[in-house]
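Participant: Pasting a structure here, questions to come.
The values are calculated or read from the model by the stated rules, or taken from the named source; none is laboratory data. In this text the structure is predicted, and so the values were computed from the model without any measurement. A quick note on method: Cβ atoms are made from the backbone with ideal geometry, for glycine too, and the neighbour counts reach across all protein chains shown.
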Amino acid sequence: MFKSFIEEYTKNNLGLLLENEPMAKHTSFRVGGPARVFVTPNSKESLIQTLDLIHKYKLAFKVVGRGSNLLASDQPFEGVIVKCDKGLDHIEINDTQVTVGAGVSTILLSNHVAKQNLSGLEFISGVPGSLGGAVYMNAGAYNKEIKDVLIKALIADETGKVRWLTNEELGFTYRTSMLQGKKNWTIIEAVLQLEPGNYEEISELMKARKVRRIESQPTKLPSAGSTFRNPLPQYSWKLIEEAGLRGFRIGGAEISTKHCNFIVNVDNATAQDIYDLIQHVQSVVLEKHGVELHPEVEMFNW
């Protein structure tokens, strides 16, 4: 089936195709085993055709963005990885509404709309991911989330049917959307509602937050950002620190000494090292505090 998929994908010029491509090249943790087939569709239409081909040949698949919130296992993935990237990086501005492709960088997007004097995305100006991933996870910071600005999202369901879902239909809650329960659904693009703003003021706010982020987070080491969701009103980093786990290490994976809710790849960690460290943290925090921590990072191919 892979051979037929590859032949048809290539024949139709749908985009880049690689075989046995290491996921370590496409995750911010810099870990992950090889994907049997790895494709990057070159347009929205190509993405839809690619999904149709995957369904036609009944292949396992996973759609990814920038891999900034993904822990891919060290094992080979016998399926197709579909990366939303250059072909899905369109940004269309109509007054204060913005239509954005799933592959657009959230950092690039927030800077782009700021230059158009549009406010509302300052909160993700330091979130290293894609718009698709941000919708999938209901990404947030500074007490604001994607759900606060999203009008609707265009998705392809498990049959390949393309349709719009409203904000309400996406079922957003803290770091969650209903899409997380629909593993074979794909975000294609989204429409956001922003507000008129002043570029200088927006820029100053984003610069100040960038300085704060650099000072408080291990930005120079491979990680997936915050590892655990906050069990509000408590904070994961504080529970982890009070459990005596700051700097604790398994293999090449370490609890950051700079921010305890970050696991960082300090010395050629494997995905298994990171996975084991996550489980160790959960076990120790549960024992010491009676609190069950839930990963914010998505596990893939385990």
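Participant: If you go through the range 120-127 one residue at a time, do you hit one that is within 19 Å of Thr40 (Cα to Cα), under 18 Å from the mean Cα position of the chain (by Cα) and surrounded by 23 or more Cβ atoms within 10 Å (Cβ to Cβ)? Before you say what the answer is, go through the steps one by one.
Facilitator: Step one: list which residues in the range 120-127 are within 19 Å of Thr40 (Cα to Cα), which gives none.
No, there is no match, as no residue in the range 120-127 is within 19 Å of Thr40 (Cα to Cα), under 18 Å from the mean Cα position of the chain (by Cα) and surrounded by 23 or more Cβ atoms within 10 Å (Cβ to Cβ).
Participant: Quick check on my filter: what residues within the range 132-148 are buried (at least 19 other Cβ atoms within 10 Å of the Cβ) and either in contact with a helix residue (DSSP H, G or I) (Cβ under 6 Å, 6 or more places away or on another chain) or of a type in the set (Asp, Glu) (or both)?
Facilitator: Ala134, Val135, Tyr136, Asn138, Ala139, Glu145, Ile146
Participant: Just the residues that are surrounded by 16 or more Cβ atoms within 10 Å (Cβ to Cβ) and on the phi > 0 side of the Ramachandran plot, please, taken from the range 241-278.
Facilitator: Answer for the range 241-278, where residues must be surrounded by 16 or more Cβ atoms within 10 Å (Cβ to Cβ) and on the phi > 0 side of the Ramachandran plot: just Gly251.
Participant: Moving on. Can you name the residue in the range 21-36 that is of a type outside the set (D, E, K, R) and either assigned to a helix (DSSP H, G or I) or assigned by TED's automatic domain parsing to the domain that holds Asn265 (or both) and is also surrounded by the fewest Cβ atoms within 10 Å (Cβ to Cβ) among such residues? Outline the logic, then answer.
Facilitator: Applying the first criterion (of a type outside the set (D, E, K, R)) to the range 21-36 yields 22-24, 26-29, 31-35.
Add one more test, that the residue is either assigned to a helix (DSSP H, G or I) or assigned by TED's automatic domain parsing to the domain that holds Asn265 (or both), and what stays is 23-24.
Values: Met23: 29, Ala24: 19.
Out of the qualifying residues, it is Ala24.
Participant: Please work out if Lys238 is among the basic types (Lys, Arg) and either crowded, with 16+ Cβ neighbours inside 10 Å or modelled with pLDDT of 95 or more (or both).
Facilitator: Numbers: among the basic types (Lys, Arg): yes; either crowded, with 16+ Cβ neighbours inside 10 Å or modelled with pLDDT of 95 or more (or both): yes.
In short, yes.
Participant: I need every pair where a residue in the range 80-100 that is over 26 Å from Tyr9 (Cβ atoms) has its Cβ under 7 Å from the Cβ of a residue that is part of a loop (DSSP other than H, G, I, E, B), sequence separation at least 6 or different chains.
Facilitator: Ile91/Val104; Ile93/Gln116; Thr96/Leu194; Val98/Leu194
Participant: Name the residue that is farthest from Thr176 (Cα to Cα), counting only residues in the range 279-302 that are of a type in the set (S, T, N, Q) and surrounded by fewer than 21 Cβ atoms within 10 Å (Cβ to Cβ). Steps first, please.
Facilitator: The initial filter retains those residues of the range 279-302 that are of a type in the set (S, T, N, Q), namely 279, 282-283, 301.
Right, trim to surrounded by fewer than 21 Cβ atoms within 10 Å (Cβ to Cβ) and you get 279, 282-283.
Working: Gln279: 21, Gln282: 20, Ser283: 23 Å.
Among them, the one singled out is Ser283.
Participant: Here is a follow-up. So Ile151 ticks every box in (1) of a type in the set (Val, Ile, Thr); (2) surrounded by 17 or more Cβ atoms within 10 Å (Cβ to Cβ); (3) in contact (Cβ under 8 Å) with a residue 24 or more places away in the chain but one. Which box is left unticked?
Facilitator: (2)
Participant: I need the full set of residues from the range 60-79 which are surrounded by fewer than 19 Cβ atoms within 10 Å (Cβ to Cβ) and either free of Cβ contacts under 8 Å to residues at least 24 places away in the same chain or closer than 18 Å to Lys182 by Cβ (or both), in order please.
Facilitator: The answer is Ala60, Gly79.
Participant: Looking at (1) assigned to a loop (DSSP other than H, G, I, E, B); (2) over 15 Å from the mean Cα position of the chain (by Cα), can you tell me which one Ser203 breaks?
Facilitator: The number of the failed condition is (1).
Participant: Still on this structure, I have one more. Considering only the range 203-228, state which residues are surrounded by 15 or more Cβ atoms within 10 Å (Cβ to Cβ) and over 25 Å from Asp267 (Cα atoms).
Facilitator: Of everything in the range 203-228, those that are surrounded by 15 or more Cβ atoms within 10 Å (Cβ to Cβ) and over 25 Å from Asp267 (Cα atoms) turn out to be Ser203, Leu205, Met206, Arg209.
Participant: Going by what's in this entry, would Gly171 be described as closer than 29 Å to Lys62 by Cα and free of Cβ contacts under 8 Å to residues at least 40 places away in the same chain?
Facilitator: For Gly171, the condition - closer than 29 Å to Lys62 by Cα and free of Cβ contacts under 8 Å to residues at least 40 places away in the same chain - is met.
Participant: While we're on this one: Sort out which residues of the range 154-168 are farther than 25 Å from Thr40 by Cα and surrounded by fewer than 14 Cβ atoms within 10 Å (Cβ to Cβ), and write them in order of number. Outline the logic, then answer.
Facilitator: Narrowing the range 154-168 to residues farther than 25 Å from Thr40 by Cα: 166-168.
Listed by number, the residues that qualify are Thr166, Glu168.
Participant: If we scan the range 262-269, do we find a residue that is touching a residue at least 12 places away in the same chain (Cβ under 8 Å), touching a His at 6+ places or on another chain (Cβ under 6 Å) and not assigned by TED's automatic domain parsing to the domain that holds Tyr174? Step through it out loud before you land on a result.
Facilitator: Here is the first cut: in the range 262-269, the residues touching a residue at least 12 places away in the same chain (Cβ under 8 Å) are 262-269.
Add one more test, that the residue is touching a His at 6+ places or on another chain (Cβ under 6 Å), and what stays is none.
No, that holds for no residue.
Participant: Name the residue, out of Val104, Val113, Val127, that is over 20 Å from Arg209 (Cα atoms), out of contact with any Pro (no Cβ under 8 Å at 6 or more places or on another chain) and among the hydrophobic types (A, V, I, L, M, F, W, C). Outline the logic, then answer.
Facilitator: On the way: Val113 fails: over 20 Å from Arg209 (Cα atoms); Val127 fails: over 20 Å from Arg209 (Cα atoms).
The unique qualifying residue is Val104.
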